[in-house]
1. Considering every pair of different Cα atoms, what Kirkwood radius, in Å, is found for the range 309-421?
2. Can you give me the Rg/Rh ratio for the range 169-289, using Cα atoms for both radii and the Kirkwood formula for Rh?
3. Among the listed pairs Lys438/Lys501; Lys57/Lys501; Lys400/Lys462; Lys144/Lys365, give every one whose C-alpha distance is greater than 28 Å.
4. How big is the dipole moment of the range 448-508 about its Cα centre under a simple scheme where the beta carbon of each Lys and Arg is +1, that of each Asp and Glu is -1, and everything else is neutral? Debye, nearest 20, please.
5. Using only alpha carbon positions, build the gyration tensor of the range 421-522, then give the equivalent ellipsoid semi-axes as the square roots of 5 times its eigenvalues, largest first, whole angstrom.
6. Over the chain, with the other protein chains present, what is the accessible area per residue in square angstrom, probe 1.4 angstrom?
7. Given N residues in the chain, what is its alpha carbon radius of gyration divided by 2.2 N^0.38 Å?
8. When only Cα pairs under 8 Å and 6 or more residues apart are kept, what is the percent relative contact order across the chain?
Amino acid sequence: MPRRKTRFDMPWPVNGLVDAVAYENQPRGSSVDLQNVRAFDPGTGRSRGAQRAGLAKYSSARVADDQVQEIGHVASRAVPTGQSSLNQRTIVPYVVTSGTVATFNSSSTTTATNGSGALSTTAPVIFSAQLDGVVYFADGTSEKKWTASTNTVDAWAESAGTMPVSGSDRPRLIETWRGRIVLSGVKGDEHNWFMSKMRNANDWDYAPGTATAIQAVAGNIQDAGKSPDIINGMIPFSDDILVFLGDHTIYQMTGDPAESGRIDAISTSVGGAWGRAWCLAPDGSAYFFGSRGGVYRLVPGSKPQSITQGSIEERLASVNQNTSLIRLAWNDREKGVNVFITDLGGGASTHYFYDTRNNSWWLDKFATADHNPTAVHVYDGDAVADRAILLGGQDGYIRKIDHDTPASNDDATAIDAYAYLGPIQLQNRPKLMLTEMKGAVGTGSNPVAWDLYAAETAEAAKAGSSKASGTFVAGRNRSDRARVTGHDIFIRLRNNSSSQKFSMEFLGIEIDSFDGPRARQW
C-alpha cells in the first residue's frame, strides 16, 4: 500500500500542562509533561516557547541560618533633593527570620532595635500588616510592632480595650481593611474576628462610652456575628468587602460591621487553605487555593470558579495542607499567578504558574529545596530591579524571580527545563513514521536538545526510552532526518545545562503513513 507524506508545524504547547485526560486524547496545544518553561519568553515578552526566568539573590547577605518567616516593605513620601530624580518615595523592606526583625538591601541586613528574637522563633510563617507606616505582626504568641522610620520593634500595647487573646494564644492571621487592623486565628476562638478602631491599631475598646462608626469591633459582639466556619484566611477585597476563607465555606462581610455591615455566604462547599494562600489581581478578582485542593478565581458577587478543573486538579488535590505552606502571588510581568507549595520538612516541592493570557498551567521546580519559599512578597520599588517577587528561602536567603537578566540559573544552579510536544497521531491510529524535523531556535538562545519517543500507544511512548536524539542550535537549523515509527510519537525539547536558557521559534515535521486520513493538526 503506498505511503502518504504529511508536513505540518508542531506549535509550542501554549495551553500548558493538562494531565486530566487520556494520553490518546491530549487536547491540542497542551502538553502531557513539562517543567520550568513558559508560553511567553521572559527575556523578550514574545509569545514563543522558552525557559522560565530563574532565581537570583536579591540580597547577597544571608539573613540567618534558618528559613525566612516574613518579608514586606513600607513606603513613605520623600522630598526631592535635586533635578536628576523625583525621589518620590522611600522604600524600607523588612524581613523576619528566627523571630528577629531586620531591614535589608541588596548587600546587607540591619537588625532592628529590640528586634532580636522579638517574635516566635518556631512559627513556620509569620504574617504582618501595616497601618500608617507601622507594621504589626501576628505570630500566635505575642503582640509586637515595628516602626519603619526608626527601625525599632516595640510592644504592641492597647491604649483602650483589650487585644484578642485566649489563654496564652494570640492571633496568627492579620490584614488591613478599611483603615483597621483585622485579626483572627486565635486558638480556641477560631470563628471569631477582631478589628481595631479605624486608623488606630492600639484601640480595642468594643464598648466605648459613646458608640461611633469608627470604634473597634469583634464578631462575638457586633450584630454581624462570628464566622459560621473556622477562619483560615481573610481577603481584603475593597473598602466594602472582606472575605473570610473558611475550612469548607466562604463568607463575605459587606460594609463596616460598626455601621450595620453583614456577613453572607458565598460558598457552602468550597473553603480556602490556611494563611495567605491567596492574591489579588489588577482586575479586581482574587485567586485562592481551595481547602480541598485546586485553585479558584473569585469575583465579588459571584461563586468561586475552579481554574484547575480539567487540567491539574488531581495534582493539587494531593497536597498535604498541614505540612505544606501555600502562598500565591500576582506576577505582573508574566500576567499570571505564581502558586508556591513548600514542603516545610525541606523535601522537594512542585510549584505552579497560571498564565491568564492563555488560561494555562505551567509546572515549576527549583533547583534545590533551599529555594522553596516560606515567605513571598511582591516588592514594588522604584528601580526596575526592585520590582520583583521576593522569595524567602528555607536557607535564610532572600531571592527574586529575575525577569530582567533574565537569570538562566536558579541562583547558580542549573534549571532543568523541558516540554513534551504531541502525541503526533493520525486519525484511526494507523502506524506512522516521522522522517524529518526542521527547527528554528531564538537568536542568542542556547542549544535545545530533542528526543523522539514512539510506541504503539501514547502512554507507552511517553513512558518509553528515547528512540532518537539530537540538538537544535540558535537560528534556523538544517533538516534532521532521524526516523522513528509508531502509532504515537512525542517530541521532547530540553535544556538542563548550567548558565543556559533557550527559546523556540518554530518546529516543523514530516511524517509518512500508509493511505489514510491526514495527520492531526497541532
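1. Details: mean 1/r = 0.0670 Å⁻¹.
Here the Kirkwood hydrodynamic radius works out to 14.9 Å.
2. Details: Rg = 13.5 Å, Rh = 14.3 Å.
Reported Rg/Rh (Cα atoms, Kirkwood Rh): 0.95.
3. Values: Lys438/Lys501 20 Å; Lys57/Lys501 18 Å; Lys400/Lys462 34 Å; Lys144/Lys365 35 Å.
Too far apart for the 28 Å limit: Lys400/Lys462; Lys144/Lys365.
4. On the way: 9 positive and 6 negative charges, 56 e Å.
Dipole about the Cα centre, nearest 20: 260 debye.
5. On the way: eigenvalues 131, 43, 21 Å².
They are 26, 15, 10 Å, listed largest first.
6. Working: 21040 Å² over 522 residues.
That works out to 40 Å² per residue.
7. Values: Rg = 26.1 Å, N = 522, 2.2 N^0.38 = 23.7 Å.
Relative to the rule-of-thumb radius for its length, the chain sits at 1.10.
8. Working: 1456 pairs, mean separation 89.0, N = 522.
Result for the chain is 17 percent.
The values are calculated or read from the model by the stated rules, or taken from the named source; none is laboratory data. This structure is a prediction, so every number in the text was calculated from the model and none was measured. Every residue, glycine among them, receives a Cβ derived from its backbone with ideal geometry; neighbour counts consider all protein chains shown. Accessible surface areas use protein heavy atoms only, side chains included; no ligands, DNA or RNA. Shrake-Rupley method; radii C 1.70, N 1.55, O 1.52, S 1.80 Å.
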